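The values are calculated or read from the model by the stated rules, or taken from the named source; none is laboratory data. Keep in mind that what you see is a predicted model, and the values were worked out from it rather than measured. Note that each Cβ is placed from the backbone with ideal geometry, even for glycine, and that neighbours are counted across all protein chains shown. With ligands, DNA and RNA removed, areas are computed over all heavy atoms of the protein, side chains included. Shrake-Rupley method; radii C 1.70, N 1.55, O 1.52, S 1.80 Å.
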Amino acid sequence: ALAHISSQKAALDMMNADVDGLVHIFADTIASPEVVSLAIDKDVFIIPTLSVIDGVDKATYAKQVLANPNVRKLLSPAQLGTLKTSFPYNSSAFSISKAQQNVALFHKAGVTILSGSDAPNPSTAYGISTHIEMQLLHASGLSIVEAINAASLLPAKLFALNDRGSIDIGKRADFI
């Protein structure tokens, strides 16, 4: 069971309700030690969706992608369209800085972090936002290998997708 959350209180409530994972990392406050400990105790995984939080806050990474002609020329009109859009509001509950600090706290404590973009929300797009997400995870303290694993090996293991997640004989070649 996954819970879609946007606040530390919601994360606490959902973990106490025994969800398996949280979708989004809360960005309203910095994670308390109690919430981090609960995530460890309950073996909860987190899909932070930093790319969509960045989209609400500043859309810095989407703007960088759009400014790169070598990447922009590879994107479809649909991808360009959602990357160019923005949220109609900016909220302190969606601080990319706080979100990244929280990812770092949970990661350092040993909580499993998975990659997810929440595309096609404004400032996100299928495919390219996975790359943005991995960059944001790396900027939040995950090593490059950990960020790649967050988008490949770990989801395959957690969701029992035994035919993918690594580059091996007999597995789906769905990693580019």
Every listed condition ((1) in a helix (DSSP H, G or I); (2) in contact with an Asp or Glu (Cβ under 7 Å, 6 or more places away or on another chain); (3) open to solvent by 20 Å² or more (accessible area, probe 1.4 Å); (4) not charged (D, E, K, R)) holds for SER115 save (1)
When LEU74 is run through (1) of a type in the set (A, V, I, L, M); (2) part of a helix (DSSP H, G or I); (3) open to solvent by 40 Å² or more (accessible area, probe 1.4 Å), the failure sits at (2)
Yes/no for LEU66 being open to solvent by 20 Å² or more (accessible area, probe 1.4 Å), modelled with pLDDT under 95 and of a type in the set (A, V, I, L, M):
yes
Hey, can you tell me all the residues within region 132-167 that are farther than 20 Å from PHE106 by Cβ and surrounded by 16 or more Cβ atoms within 10 Å (Cβ to Cβ)?
ALA156, ARG164, GLY165
Selected residue [closer than 26 Å to ASP43 by Cα, touching a Leu at 6+ places or on another chain (Cβ under 6 Å) and in a helix (DSSP H, G or I)] from ALA147, ALA156:
ALA147
Sole exception among (1) of a type outside the set (Lys, Arg); (2) more than 18 Å from MET134 (Cβ to Cβ); (3) without any contact (Cβ under 8 Å) to a residue 60 or more places away in the chain; (4) open to solvent by 30 Å² or more (accessible area, probe 1.4 Å) for ALA3, by number
(4)
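Would you check which residues across region 36-59 are open to solvent by 50 Å² or more (accessible area, probe 1.4 Å) and assigned to a helix (DSSP H, G or I) and list them? Steps first, please.
So in region 36-59, the residues open to solvent by 50 Å² or more (accessible area, probe 1.4 Å) come out as 37, 40-43, 58.
Those that are open to solvent by 50 Å² or more (accessible area, probe 1.4 Å) and assigned to a helix (DSSP H, G or I): SER37, ILE40, ASP41.
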Tabulated pairs, region 88-102, first of a type outside the set (Val, Ile, Thr) and modelled with pLDDT under 85, second crowded, with 17+ Cβ neighbours inside 10 Å and in a loop (DSSP other than H, G, I, E, B), C-beta under 7 angstrom, 6+ apart or interchain:
ALA93/SER6; ALA93/ASP28
For ASP168, all conditions in the list (1) in a loop (DSSP other than H, G, I, E, B); (2) in contact (Cβ under 8 Å) with a residue 24 or more places away in the chain hold save one; what is the number of the exception?
(2)
Does GLN64 satisfy the condition of being over 30 Å from SER32 (Cα atoms) and polar (S, T, N, Q)?
yes
